[in-house]
Structures are given as structure tokens and as C-alpha cells.
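For reference, the structure discussed in these notes is given below.
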Amino acid sequence: MAVLRPAVVALGMFDGVHTGHQELLQTAASFAEMIGARCCVYTFLNHPSTLLGGDTPLLTGTEERRALLTMFGADEVFMEPFDRNVMRLSPEDFIRRLFRLWDVRGLVAGFNYTFGDHGAGTAQTLIALGESFGYSAIIVPPVEAGGGPVSSSRIRRLLSEGDARGAALLLGRPYSVGGTVTPNRQNGRRLGFPTANLLPQAGRALPKRGVYVTDAVCAAGVYRAVTNVGTNPTVHGDHVTIETHLLDFSGDLYGSELEIRFLHYLRPEQPFPSVDALRAQIACDADSARRFRAK
């Protein structure tokens, strides 16, 4: 039987890996370094709400979340599905599950962390069980930014309001979505403003529909851009897309990977009386994007 390695384990869903999560990870990494252990993360592939009939849009995809967790201090990230077996574990059996993965020397969680059957375990339960299981528990207090505690749900709300700057403050970086550029109707090219089209990932949180100043990251570099999230009603679009016009870029992006970083909300999506009126507005949007300076 393999010998389990000593570990300090950070617990949470970590959706978005926002500044509160980053503080938690740094706390776990510092404790692990102090006692000569690995900093590990235990989390879930799916949001627990999906098993309870909820539909929580995610701020990060699985591999994006893994990469961010590693960047902010995790030596190892363990993800497993949140299913009914996990949901029904008693708090004690949940801890035993962790001990089957690692030689747990410490557990680090946020102040509002819950675990076990119907959330029976709390941060205080983690502390109490540490005495019998032989680990140290560290509970991280809330991190505040922008006038309130940082949380994934608050970031989702800010995005739904089009507050890209507010979301970036809580995340510690601009909110971004990425994917493979796919062919669309090429309306932008006919208007003189060619766009790169991304289809939204299923289950992914999207900002409020409208037009944004963005940064577009591709293999050729980072370009200031204008991005429309919506259906393009003037040209009779029928499904939500993310269409981005990269300023000062020439080339073919079809089939390549593109990341869109949302910086600032410019205006709502709206129908225009003519294609010429739409073209004129896009030109104004592009000028606004050129002049935009992040504060």
C-alpha cells in the first residue's frame, strides 16, 4: 500500500478563484511550507447545486479552475463529482474520505464552508473534528472588496448587471471567457468590422447582454477589442453569441483559441433602423475602446 504524503488541504468549490479564494490558498500554502507538507486542494467537478435541482452558472471551466488553483499555490488539485454518495456523507465520513487521499495534517476552509449530509458540517465542525482526527484546522475570515465580502455569487450578480469593473475587483483580474473561434454569418466583415465568434460554453456565466470594451488574447498577442454579447437583432440573429472585433488586427482566427477579457460595459444591445446606422455605432464603439484606460 502506498504511503500517503503529508498534506495541508484547502477545501471549497473555488469557482472563479477570486481574491477570497486566493487568500485561502495562500494561507494553506504558507502553513504547508511551515510544516513541510504539500498544499493540496479538494474540490468538485460540478457545482453542488446541480444535484439539488439548481442551475448555477460557473465563473470558470474545470481546467481553467485547476490552472488558477495551481498558480495561486496548490501543489495538487483533486476534483471529483459531487454525487449523492458524497452528498450523504456524515461530517466524520467526509473527513475519513480526505484521509484516504492524504496524510492530512491541516484543513483550511472559509468561514462559511459546509460539508457532509445536508451541510451538517460547518467551519466549527472542522475545528472540533480536528481534535479526534489529529489535524489542525484554519478558518479563513471573509475577504472584503468594493464594500462587501467577496463571493462567487456576488461576482455573478455584478456580471448580470454588466459591472465588469466590479467583477474584476473581486476576481483580482478581468472576467474572461474563451474558446475556439467558429464561423458565423460574417455580418461583421460585410460591415467593415470583421468579428471573431465564440459560442458560449454550456453552463458558463456570461455578462449582461450588451457591448463591452475588452482585451482579446490570441496566439498573435493581446489586442484591445469591442465585444458584443447577444443575438445581434439588427441582422436577425437567433441565438446568443460572443462576437469580438479586434482593433488593429489583420488575419484569420477561424479554428484558433481566443480569450476575451471583459473590461468595461459600453451600452446595451439594441436593434438599429438600418445597417448603416449599425455600422456608424460600431465605429463609435471602436473609438470608445481605443480611448478606454483601465483605472
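The values are calculated or read from the model by the stated rules, or taken from the named source; none is laboratory data. Every value quoted in this text rests on a predicted model; they were computed, and no experiment measured them. Quick reminder, even Gly has a Cβ in these numbers, built from the backbone with ideal geometry, and neighbours come from all protein chains shown. Each accessible area value is taken on the protein alone, full model and side chains, heavy atoms only, with ligands, DNA and RNA left out. Shrake-Rupley method; radii C 1.70, N 1.55, O 1.52, S 1.80 Å.
Data for the structure
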| quantity | calculated |
| --- | --- |
| Accessible area (Å², per residue) of the chain, counting only protein heavy atoms and a probe of 1.4 Å | 48 Å² |
| Local electrostatic count, residue 138, Cβ distance below 13 Å [Lys/Arg +1, Asp/Glu -1] | 0 |
| Region 148-167 residues near the modelled residue 111 label - backbone nitrogen below 20 Å, point 7 Å along Cα→Cβ | 148-156 |
| Net dipole in debye of region 16-81 [+1 Lys, Arg Cβ; -1 Asp, Glu Cβ; about Cα centre; nearest 20] | 40 debye |
| Segments 44-55, 276-287, 193-204 sorted - mean Cβ within 10 Å per residue, highest first | 193-204, 276-287, 44-55 |
| Shape of the chain, Cα gyration tensor, a/c cut at 1.5 | prolate |
| Carbon plus sulfur fraction of accessible area for the chain, probe 1.4 Å, in percent | 54 percent |
| Spin-label pair residue 239/residue 220, simplified geometry with 7 Å Cα→Cβ offset, distance in nm | 2.7 nm |
| Rounded, prolate or oblate (a/c below 1.5 giving rounded, otherwise prolate when a/b exceeds b/c) for region 1-103 by Cα gyration tensor | oblate |
| Residue 45-residue 127 FRET efficiency (beta carbon distance; Förster radius 30 Å; 0.05 resolution) | 0.65 |
| Region 252-295: C-alpha pair distances exceeding 12 Å, % | 73 percent |
| Charge dipole (debye, nearest 20) of the chain; +1 at Cβ of Lys and Arg, -1 at Cβ of Asp and Glu | 520 debye |
| Cβ-defined net charge surrounding residue 99, 13 Å radius [Lys, Arg +1; Asp, Glu -1] | +2 |
| Added length on full extension, which subtracts the Cα-Cα distance from 0.36 nm per residue, residue 30 to residue 63 | 9.5 nm |
| Protection-proxy order for peptides 245-254, 19-28, each taking the mean of Cβ atoms within 10 Å per residue, highest first | 19-28, 245-254 |
| For the chain, calculated [θ]222 nm from helices alone, where every DSSP H run of n ≥ 4 adds -39500 (n - 2.57) | -9000 deg cm²/dmol |
